[in-house]
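Chemist: Quick one: this structure, given as structure tokens, is what I'll be asking you about.
FYI, it's all coordinate maths here, none of it is from the lab. Here the structure is a predicted model, which means the values were calculated and not measured. Note: ideal-geometry Cβ built from the backbone for every residue, glycine included; neighbour counts use all protein chains shown.
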Amino acid sequence: MPGKEVDEMKTALYLRKSRAEELGESTEDALRRHRETLEETARSMGLLICGVYEEVASGEDLYARPEMLRLLRDVREGRYEAVLCMDVDRLGRGSMSQQGVILEAFQHAGVKIITPQKTYDLDNEMDEDYTELQTFFARKELKLIKKRLRRGQERTAAEGGYLASAPFGYEKTRAGRLPTLRVNEEEARFVRAAFDRCAAGESCTAIACFLNACGAQPRRSAAFTRGSVLALLRNPVYTGAIVWNRRRYRRANGGGRGCSKTENPRPLWLTADGCHEALVPPELFHRVQEQLSSRARPAGSHTLRNPFAGLIRCANCGGLLQLRARSNVQGGYLVCERKGCCPSAGFRDIVSALHHALLPILALIPLEQSPVPEHAENTALLRRAEKNLLRQEERLRELLETGVYSVAVYEERSRILNVRREKLAEETARLPQKAPTDDVLQGKTAADAVAAASPAEENRIWRLLVAEILYRREPGKGLGHILLDVHLRFLPPKLAQEDGCRSLQLS
């Protein structure tokens, strides 16, 4: 009988809809319609539905789809003989590597892919080739969709529309067909106060304390910090402008939730007059930018002083502790930026306690096997960057001489290249001048490398050994009530029986 081979198959139902699809239909209606179609297919083929996996997510990133990851885990454990979905590209249409993960999991488990149109048996060579061909076309279609979407976003931004999440002080609305912003007066008064106070000479930390004391509530956190105030003061949206393509976001490798954020070069920015009302006049905004720039250190002048920078977090709020100078504390102190969250502590006391606890672990790691970073690849990258910079400078001079660039444009581009050159020189200066020989390394350990390292070099070593350090201190308590929970990335073989977490009590 037709369909006998799939009779009573243990089958999983997978439903996925992207928010960008079928804009004329609600997500709930689309998923309900898909489910009804698949259930009818299951009844006609005599399939036994043993599990349902449903999610609203783009098919581009496998690791941002928890239901698909759960389905793959269950497939590998042999819970199903088939997976029923609307089409093969519902399973995913991201990169070749991610599609390979999906198809290999199905093939190794002997699980069939069933759609209302066709049943795919990946053990059959023709079906396997046809499936790979379909996934290829799905990837091409996704690229075209993203290209058209980006073109539409750029056109909207050029016409003055606002596409991102509404910043503090505004709410999302529409002006005809364009998405834009309207003023939220309850928040806008805090924005204007922040600009006025900064122009008057107040620090970002003082402004954050003022806003929190007034009851201002930021969108994505419990309270304002120095960093969030600085981002607010640097946002040109408050002058009525639109800036598009200022930053580039990329999802972290391995499927982490976080994204890496990189600022694009200024020539790639798209700027336009927005349709929304400005909260601060351009003159005040420029005055604030000058104020902020006067406080900033010149490019290349910053020297890392904290060897555990980026590793010590407040156990209460999870924020990174910052090193601040104080006249009555030698070496400064570490502080949580959220006022009143956790008492501060002397920088040297914390570093001394961490060295006392962690250097014995590094002493067990021979230097030839230590986590000291290799510099050969970094040197090659810096040399390549130096060559590219020289070519850009030569090209810039040619464009000035031929009249393509005006003197003003030339000076602006030249300033950008000079800043890059200063940063490049700073990174080059941090590299060792000469690689150590095997004779020099004989008998040396990672602890010896730390002893001879600058704070910046030491920080790179600790980042390879330590995952994070959680800082606790009760208000009103002395130094003996500071607790540091150190979570290590790995342990030497002699300490392998431990769990990778150590608690330190300062005394």
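Chemist: Across bins of 10 angstrom width beginning at 0, how are the C-alpha pair distances of the stretch 4-153 distributed, in whole percent?
Modeler: Final binned percentages: 11, 41, 37, 10, 1, 0.
Chemist: Across the stretch 4-153, how many lysine pairs, 8 or more apart or on two chains, come within less than 26 Å at their alpha-carbon atoms?
Modeler: 13
Chemist: Using amide H atoms built 1.01 Å from N in the peptide plane, name the residues 5+ places from V52, or on other chains, whose amide H lies under 5 Å from its own.
Modeler: L13
Chemist: Please work out the Kirkwood hydrodynamic radius for the stretch 133-232, using every pair of different C-alpha atoms, and report it in angstroms with one decimal place.
Modeler: Computed over Cα pairs of the stretch 133-232, the Kirkwood hydrodynamic radius comes out at 16.3 Å.
Chemist: Given H placed 1.01 Å from N in the peptide plane, which residues other than close sequence neighbours of E468 have an amide H under 5 Å from its amide H?
Modeler: For E468, the qualifying residues are H487.
Chemist: What order, most packed first, do the peptides 77-88, 147-158, 448-459 have when packing is the mean number of other Cβ atoms within 10 Å of each residue? If you can, show how the numbers build up before the last one.
Modeler: Values: 77-88: 19.4, 147-158: 13.0, 448-459: 16.5.
With the highest mean Cβ count within 10 Å placed first, the list reads 77-88, 448-459, 147-158.
Chemist: So if we plug the beta-carbon distance of L149 and A357 into 1/(1 + (r/R0)^6) with R0 = 41 Å, what FRET efficiency do we get, rounded to 0.05? Walk me through the numbers on the way to the answer.
Modeler: On the way: r = 51 Å, r/R0 = 1.25.
Calculated transfer efficiency: 0.20.
Chemist: Report, for the stretch 4-153, the % of DSSP beta bridges that are antiparallel, rounded to 5.
Modeler: Numbers: 2 of 16 bridges.
Within the stretch 4-153, antiparallel bridges account for around 10 percent of the total.
Chemist: In whole angstrom, note down how far apart the Cα centers of the stretch 183-214 and the stretch 122-161 are.
Modeler: The two parts, judged by their Cα centres, are 44 Å apart.
Chemist: So, one more: Per Stokes-Einstein, at 25 °C and 0.890 mPa s, what whole-number D in µm² s⁻¹ belongs to the stretch 64-155, with the Kirkwood radius over Cα pairs as the hydrodynamic radius?
Modeler: Numbers: Rh = 14.1 Å.
Taking Rh from Cα pairs, D becomes 175 µm²/s.
Chemist: So for the stretch 4-153, averaging the separation of alpha carbon pairs under 8 Å that are six or more residues apart and normalising by length, what relative contact order in percent results? Kindly include the intermediate steps, with their values, before the conclusion.
Modeler: Working: 215 pairs, mean separation 35.9, N = 150.
Value for the stretch 4-153: 24 percent.
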